[in-house]
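Reading through the structure tokens given below for one structure.
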Amino acid sequence: LNVKIDPEFHVSNYDDITKIIKDSPGPFAVMNCVCRQAKDTLEKSCLKTEKRETCILIEDGVDFAKNLGVGKEISRQETLKLISQAKKAGLVLQPENNQHPHFVCCCCGCCCGVLTAAKSYDQPVKYLHSNYFAEIDAEACNVCETCLERCPMDAIELTNNHMATKLDRCIGCGACIPTCKERAIRLIKKEKEIVPPMTDKDMYKSILIERYGLAGSLKFVTKAALGMKI
């Protein structure tokens, strides 16, 4: 598979995103998901949702969309409703990888390029940042297999007469939780927390240093400042 995935993609849970939206001064907007549009063109419609306006834009992200002539502005309550619908459909929330994201994608394992690529690997957890993993209570589980169908990473399996999580595949998205009638699944926070960069500028600096080293990054930035060819 000739696809390189750097672990710069972040998976969040619904509580995190809800807090971000509630704390944000706004505005908010929504635009079409290009991944689902592409699948529609190939006559391979999304298996999770019929909605196409599932990409949420926040604050500066709204201006970005307006400049491109895409998206429509929505209220805070409409944004929270969209998140609730994504939770019900079992979509994976992928925000911009910083603490103040300007966009949040509501993704699925059948259309999203990032998720489908990660899913093809033996250990998807290596390629997606997540601070949680799903834990299934063996005694409470009634083996209805609903979680098995909802998991976008094939991270749940039947073992010893109950469902269990494969930790090397679980990305902690929480898609398995809302439809568990027995409440046998919960998200557990990992011991080592991954803290995203504060802003998008900090994120790009981090990526630059990681890929080119401090000296290489300084050289890169100096050339850009002087208007030289990079």
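What follows draws every value from the coordinates through simple rules; no lab data is involved. On a predicted model such as this, the values are computed, not experimentally measured, just so you know. Glycine also receives a Cβ, built like all others from the backbone with ideal geometry; neighbour counts cover every protein chain displayed.
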query = In whole percent, what relative contact order does region 14-61 give with Cα contacts below 8 Å and a gap of six or more residues?
reply = 49
note = When the charge dipole of region 24-130 is computed with +1 on Lys and Arg Cβ and -1 on Asp and Glu Cβ about the Cα centre, the Cα farthest towards its positive end, among LEU47, SER75, ALA118, belongs to LEU47
ask   = Size of region 89-187 along its principal axes in angstrom, Cα-based, largest extent first?
value = 41, 25, 22
remark   = Violations at 31 Å Cα threshold for listed pairs LYS72/LYS190; LYS48/LYS126; LYS39/LYS190; LYS19/LYS181 -> LYS72/LYS190; LYS39/LYS190
remark   = Rounded to the nearest whole number, the Stokes-Einstein translational diffusion coefficient of region 51-126 at 20 °C and 1.002 mPa s (Kirkwood radius, C-alpha pairs) in µm²/s is 158
For ILE136, distant residues with modelled amide H under 5 Å away = THR165
